[in-house]
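The values are calculated or read from the model by the stated rules, or taken from the named source; none is laboratory data. Treat the numbers as computed from the prediction; the structure is a model and nothing was measured. A quick note on method: Cβ atoms are made from the backbone with ideal geometry, for glycine too, and the neighbour counts reach across all protein chains shown. When the accessible area is computed, the model is the full protein with side chains, heavy atoms only, and any ligands, DNA or RNA have been set aside. Shrake-Rupley method; radii C 1.70, N 1.55, O 1.52, S 1.80 Å.
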Amino acid sequence: MAEYTRQTTLDAPSGKIADLKDIDWTFEGADTQYLTHGLHSYPARMIPQIPRTLFDYYKSKGVLSEGDTVYDPFSGSGTTAVEGRLHGLNAEANDVNPLACLLTFAKSIPLPREEVETARRELLDGLAEELREVRSAYEDGTLELDELAVRDGWFPEPQQQELWHVRRRIDGIEAEYGEGIGRLLRVSLSSIVRKVSYQRNGEYKRYRLPEEKRDEHDPNVFDLFQSELNKNVRKMRKYSARADHSLSTVVHYADSRTATSNDSAVEKDSADIVITSPPYGDHRTTVAYGQFSQDPAIVAGEYGYDEMKDVDKNGLGGPNSDLKPIADLENWSPSFGATLDALREKGGRAEDAMNFVRDYYEVMKEVAKILKPGQPAAWVVANRTMSRVNIPTHLITQELCQHLGYEHEVTLPREIPTKTLPWENAPENIEGTKGDLMANENIVVTRSPSE
Ligand SMILES: C[S@@+](CC[C@H](N)C(=O)[O-])C[C@H]1O[C@@H](n2cnc3c(N)ncnc32)[C@H](O)[C@@H]1O
């Protein structure tokens, strides 16, 4: 509780915001890991101060009330859903990454304190000894090796077997205590997977430690897991004490381009507000959410390699889209038209830009159906470069929304004070190549079409 209260007074003039332009949206130095926000890392996470301040503002203006619903078409690690619940709102969300869906559920649904504590104790009881046994059986050559669906050569072998042992223990505890507790345990395991593997720290893409350094890499799975689990249990306890347990969170492992029509459809006219941070571009050339999530999801969840390897292809602008290019997009958004001209002139990647914006436009259309008329939709966007051409995503968002009948309320600039992204490799994503840093974002605030 103290953790959250301290942040409320520090970062956001909660409940007394006269104008959104009066806020310094950079929130430099703010704690972005409070409560369950700090359960698990995720690339390009939105800082919680953004939804929190917007919820406070719209509640104080009577635009939102307790029991309303927030929708996020790009849920990621669930920042919007967590803040929604802390503000008395139900949440609905989509993501094409199964790890994102797991994180959104795990972070936003509060759990009963006693049960969490009992499950934690039961899981840790005897685990260190069991892992020592796994290790020594491995070293003696008597261990029957389990086939984790991770790719060969990415983990030190004994630790890979230890991870798998923890995973099976979690499966057992989940069968006893239910899915909610199972998710908290899985997220704690997922969090340590990258540290245990040979992946280099500080990179969201899958780069391995050089071969000569791999022998020195001998992580202690039990210590890492115990400390992560204990931290997460503490965070969940605090979150549970604050959050309303009667609200609902629904996360669809589904494409937001077809949100109202796919098998796991979101109802039309069901949301009172949308707060979202779309990907900056297609996953392959910007942030590879699938690559980041692949091993953690396979080790901790019930997802296979084939499912995880498709995440980046299924993302906005990715090759699995079956939408056709829309020639008129460049007329509907003059800023997009000028961008395409600049890309064509440089022999740049006009087609990639078209594919991404076409897909993004489809989501704007779906959001217009899901949001009740006249309600706010905030799009948190960064301007990337492609072939050294700056893509003004905030203007493209504004213009395409206006074309669809949204009203543009305001655009709020913010700086990104900490580098949580592999900016250094952007935009080309070639190791060692430095592009322009994406050091600022814009929050484009719109109101959905009035009918
Ligand atoms: C910038 S991240 C969102 C971060 C999130 N706001 C948070 O705080 O963690 C963008 C997300 O969009 C998801 N995504 C990309 N294309 C999608 C699509 N077509 N439908 C649903 N989700 C998609 C990605 O998997 C990724 O999790």
Relative contact order (percent) for the stretch 159-261, with alpha-carbon contacts under 8 angstrom and 6 or more residues of separation?
26
For the stretch 322-420, the per residue accessible area (1.4 Å probe, Å²) is 42
Of all accessible heavy-atom area on the stretch 123-213, the percent that carbon and sulfur account for (1.4 Å)
43
Backbone HN-Hα couplings from phi across the stretch 271-284 [Karplus 6.51/-1.76/1.60, Hz, Gly and Pro as x]:
10, 9, 7, 10, 10, 8, 10, x, x, 7, x, 4, 4, 4
From phi via Karplus (6.51, -1.76, 1.60), per-residue ³J(HN,Hα) for the stretch 316-321 in Hz, x at Gly/Pro
3, x, x, x, 7, 6
On average, how much area does the Cα convex hull of the stretch 113-241 cover when viewed from any direction, in nm²?
8.7
Can you say what percent of the DSSP beta bridges in the chain, counting only those with both residues inside, are antiparallel? Round to 5.
55
Per the Kirkwood formula on distinct C-alpha pairs, the Rh of the chain is how many angstrom?
22.8
For the stretch 371-384, in order, what is each residue's ³J(HN,Hα) by Karplus, 6.51 cos²θ - 1.76 cosθ + 1.60 with θ = phi - 60°, in whole Hz (x at glycine and Pro)?
7, 5, x, x, 8, x, 10, 10, 10, 9, 10, 10, 9, 8
DSSP-loop GluC sites (Glu not before Pro) across the stretch 262-329, with at most 15 other Cβ within 10 angstrom
E267, E302
0 to 90° range, to nearest 10: angle between helix 157-177 axis and the chain longest Cα axis
80
For a Förster distance of 22 Å, can you work out the FRET efficiency between the beta-carbons of D19 and E407, rounded to the nearest 0.05?
0.85
For the stretch 146-251, whose charge dipole is built from +1 on Lys and Arg Cβ atoms and -1 on Asp and Glu Cβ atoms, the candidate among L185, Y198, W154 with its Cα farthest towards the positive end is L185
If amide H atoms are built 1.01 Å from N in the plane of the peptide, which residues on other chains or at least 5 residues away come under 5 Å of the amide H of F155?
Y198
When only Cα pairs under 8 Å and 6 or more residues apart are kept, what is the percent relative contact order across the chain?
17
Using the per-residue mean of other Cβ atoms lying within 10 Å as a proxy for protection, in what order, highest first, do the peptides 281-288, 349-356, 96-103 fall?
96-103, 281-288, 349-356
Tell me the accessible surface of W154 in square angstrom (1.4 angstrom probe, heavy atoms of protein chains only), to the nearest ten.
20
Computed Kirkwood radius, in angstrom, where 1/r is averaged over Cα pairs of the stretch 286-344:
13.9
